[in-house]
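Down below is the structure, laid out as structure tokens.
The values are calculated or read from the model by the stated rules, or taken from the named source; none is laboratory data. Predicted model only: the values in this text are computed from it and were never measured. For neighbour counting, all protein chains shown are included, and Cβ atoms are generated from backbone atoms with ideal geometry for every residue, glycine included. For accessibility, only protein heavy atoms count, side chains too; no ligands or nucleic acids. Shrake-Rupley method; radii C 1.70, N 1.55, O 1.52, S 1.80 Å.
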Amino acid sequence: MAEWPTVRFEEIAAPEKSAFSKPYGSAYTRNDYVPSGIPLVRGVNLGAGPFHDDDFVFISSEKADTLPGANLKPGDLVITHRGTIGQVSMIPRNPRHDRYVLSTSQVKARLDHAKAVPEFYYYWLLSPVGQKEILQHVSTVGVPGLVQPVATVKSFKVPVPSLDEQRSVVAVLGALDDKIAVNERIATTADDLSRALFGEVLLKSVDGFSDQPLSAVAEFINGRAFTKGATGTGRMVVRIAEINSGPGVSTVYNEIDVPDRHLARPGDLLFAWSGSLTAARWFRPEAIINQHIFKCIPRDGYPIWLVSQLVHRKLDEFRSIAADKATTMGHIQRRHLDEPVPVPGPKTLGALDRVISPLWERALVAEQESLSLATLRGTLLPQLMSGRIRVKDAEKIVEDHV
């Protein structure tokens, strides 16, 4: 990067009045939300970088029309200015919706495509040097935020390599992201197929199943308060946030020794029984399971995929139970694990296992491969952006992994 010139971000803005903008603070309230319409892009859609093109709230098109500067289109960068500072994403080139609108906690940056490749600046802002540029402007008085958000984003000092160089860097990093996206689709498809197959066989072969307590199929080992006295290094302590989104800035690490039953390893099923009840296959490195999370250990040789199917079939019911506990954090109790679930007999189970077990393993492999690719991307990103590695060398490394 040393040989790349730097300019103020606004110098590569699209030639239009509201290229960098944000809606004013009271632009919309919950009263403006409608069941369908124009999706509002919030922090939940930015996550750790890749745009999450789902889980929207909506406003009407008439309301969106009153805020033309807040409207978003493919290639627009979105930068959080209040709350989780450092969040950056980009509206995909092929989005699910024709039009989006910015929430009041984000800033839009629309770039001049004659000078800038948006994907390059998306990656640059996510790199350590880009994050440093963002975070040096944060005010921690009250809710963390950028002072004068639009003016601050405009003032970012950004590199300006040639368009060919920008495209080359994007091609390298984009290949990794493309492969990660493919793996996510593989894992999702494998799980969807498993769920559909199990449901179909259950529907057609009722005689091949018998009702048994969920607790008869698996042992549910509750985690402990392993975040207390955390050392900050060692293994990740898995809380509900880590199940849902993986490690983040608030993730706790601890070098404490814990019994094997409180450890999560790739392929284990974790079931958060409190708060936002959820269940998921663990695919990250060995970690420590915190309180409010069950490690589900199959009994009597039952396959782990069966435990996953049965827990997921009960999740909606468990969530309803938890929702009724209005005065405390919603949760279920041990006795709820004794409720009946349809368990396949040996012959039916054998037939299902021959199909679903490989699907379970394939999904796990895809998830673990994506984790490795994300690590590689995280390694290459700062090196490419700092010029410590040539694009051609990075291309060779990526070719060996995708």
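Candidates are the residues of segment 357-402 that are open to solvent by 50 Å² or more (accessible area, probe 1.4 Å) and among the acidic types (D, E); the one that is farthest from E3 (Cα to Cα) is E361.
Let's see how each residue does on (1) more than 20 Å from the chain's Cα centre (by Cα); (2) modelled with pLDDT of 85 or more:
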residue: D353; (1), (2): yes, yes
residue: I356; (1), (2): yes, yes
residue: S372; (1), (2): no, yes
residue: L380; (1), (2): yes, yes
residue: S386; (1), (2): yes, no
residue: V391; (1), (2): yes, yes
residue: A394; (1), (2): yes, yes
residue: I397; (1), (2): yes, yes
residue: D400; (1), (2): yes, no
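Look through S36, S18 and report the one residue that is among the polar types (S, T, N, Q), surrounded by fewer than 16 Cβ atoms within 10 Å (Cβ to Cβ), out of contact with any Asp or Glu (no Cβ under 6 Å at 6 or more places or on another chain) and at pLDDT 90 or above. So that I can check it myself, show each step before the final result.
Values: S18 fails: surrounded by fewer than 16 Cβ atoms within 10 Å (Cβ to Cβ).
Going through S36, S18 in turn, the sole match is S36.
Among the charged types (D, E, K, R) and touching a residue at least 12 places away in the same chain (Cβ under 8 Å): is that true of E16 in this structure? Spell out how you get there, then give the answer.
Details: among the charged types (D, E, K, R): yes; touching a residue at least 12 places away in the same chain (Cβ under 8 Å): yes.
So E16 passes the test.
Please go through segment 172-195 and give me each residue that is of a type in the set (A, V, I, L, M) and either open to solvent by 30 Å² or more (accessible area, probe 1.4 Å) or modelled with pLDDT under 95 (or both), ordered by number. Reasoning before the result, please.
Step one: list which residues in segment 172-195 are of a type in the set (A, V, I, L, M), which gives 172-173, 175-176, 180-182, 186-187, 190, 193.
Those that are of a type in the set (A, V, I, L, M) and either open to solvent by 30 Å² or more (accessible area, probe 1.4 Å) or modelled with pLDDT under 95 (or both): V172, L173, A175, L176, I180, A181, V182, I186, L193.
Go through the residues of segment 205-215 one by one and say whether even a single one is in a helix (DSSP H, G or I), at pLDDT 95 or above and either open to solvent by less than 30 Å² (accessible area, probe 1.4 Å) or of a type in the set (S, T, N, Q) (or both). Looking for residues that are in a helix (DSSP H, G or I), at pLDDT 95 or above and either open to solvent by less than 30 Å² (accessible area, probe 1.4 Å) or of a type in the set (S, T, N, Q) (or both), one finds at least one in segment 205-215, hence yes. Among the conditions (1) polar (S, T, N, Q); (2) touching a residue at least 40 places away in the same chain (Cβ under 8 Å); (3) over 23 Å from H113 (Cα atoms); (4) open to solvent by 20 Å² or more (accessible area, probe 1.4 Å), S61 misses just one, which is (2). For V7, the test of being surrounded by fewer than 16 Cβ atoms within 10 Å (Cβ to Cβ) and either β-branched (V, I, T) or within 15 Å of I79 (Cβ to Cβ) (or both) is passed.
Would you check if there is a residue in segment 12-24 being outside any loop (DSSP other than H, G, I, E, B) and among the charged types (D, E, K, R)?
no
Among the residues of segment 46-58, just one is open to solvent by less than 50 Å² (accessible area, probe 1.4 Å) and charged (D, E, K, R), namely D53. Close Cβ contacts (under 7 Å, 6 or more residues apart or on different chains) running from residues in segment 334-357 that are closer than 12 Å to P303 by Cβ to residues that are at pLDDT below 95 and assigned to a helix (DSSP H, G or I) comprise P344/G208. Of the residues in segment 25-48, at least one is in a loop (DSSP other than H, G, I, E, B), under 19 Å from the mean Cα position of the chain (by Cα) and either of a type outside the set (D, E, K, R) or over 27 Å from R377 (Cβ atoms) (or both).
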